[in-house]
Amino acid sequence: ASAVSDPQPPAPAVSPEEGAMKTVKAYVKAAEEGDIEGLVGCFSDSFDHYELGDKNGLTAFIEGVEAEGMLEDISGNTDEAEAEVDGDTVTVYPVELEGLFGTVTYEFELKEEGGEWKIVAFDMTGV
C-alpha cells in the first residue's frame, strides 16, 4: 500500500471582498492595540493621499498621532462596513474608529499586491 495520503483539496480562493475586509479588520485591530508596525503594514507601498502624501508621510503621521497620545483607547467598528469591487480596486466603507479625537469614519480603497490586499488610499470624515 502506498503511504502517500490523498492530496488536500486546494483552499478556496478568498474573494476580493473577503481579502479587503480582512486587511481593514487588521488595520482596526492594530489601531486598537496602538501597533504602528501593524497599521503601516496594512498599506501599499504605492499608497497616496492628498494630505499625507506617500507611505513615508503616512508613517510619520501615524507616529505623530501616537506621540500625541491619540492612539490610546481606540475602538473600531467594522459592523456596518461593506466591500464593493470596482475593477481591481475594492472600497470598504464605513469603518469607524473612536478615540480621544472623537469618531472618524474611513472609506478605504484596497488593491491586491502579491496575494494580499493593501490599502492604497482612504478618505476620513468626522475629524
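A residue that is out of contact with any strand residue (DSSP E or B) (no Cβ under 7 Å at 6 or more places or on another chain), on the phi < 0 side of the Ramachandran plot and at pLDDT 95 or above occurs somewhere in the stretch 44-53.
Checking each residue in the stretch 111-127 for being part of a strand (DSSP E or B), at pLDDT below 95 and among the aliphatic types (A, V, I, L, M) picks out only MET124. In the stretch 28-54, what residues are surrounded by 15 or more Cβ atoms within 10 Å (Cβ to Cβ) and among the polar types (S, T, N, Q)? Across the stretch 28-54, the qualifying residue is only SER44.
Report whether or not GLY87 is at pLDDT below 95, on the phi > 0 side of the Ramachandran plot and of a type outside the set (Ser, Thr, Tyr). The answer is no for GLY87. Please verify whether the stretch 60-74 includes one or more residues that are loosely packed, with under 12 Cβ neighbours inside 10 Å and under 21 Å from MET21 (Cα atoms). So far as the stretch 60-74 goes, no, none of its residues is loosely packed, with under 12 Cβ neighbours inside 10 Å and under 21 Å from MET21 (Cα atoms).
Can you say whether GLY57 is under 17 Å from the mean Cα position of the chain (by Cα), surrounded by fewer than 16 Cβ atoms within 10 Å (Cβ to Cβ), over 20 Å from GLU32 (Cα atoms) and free of Cβ contacts under 8 Å to residues at least 12 places away in the same chain, as far as the supplied structure shows? Yes, satisfied. Are any residues in the stretch 85-110 touching a residue at least 24 places away in the same chain (Cβ under 8 Å), outside any loop (DSSP other than H, G, I, E, B) and open to solvent by 60 Å² or more (accessible area, probe 1.4 Å), and if so, which ones? Matches in the stretch 85-110: VAL85, GLU98.
The values are calculated or read from the model by the stated rules, or taken from the named source; none is laboratory data. Since the structure is predicted, the reported quantities are computational estimates derived from the model, not experimental observations. So basically every Cβ, Gly included, is an ideal-geometry build from the backbone, and we count neighbours across all protein chains shown. Side chains included, ligands, DNA and RNA excluded: accessible areas come from the protein's heavy atoms. Shrake-Rupley method; radii C 1.70, N 1.55, O 1.52, S 1.80 Å.
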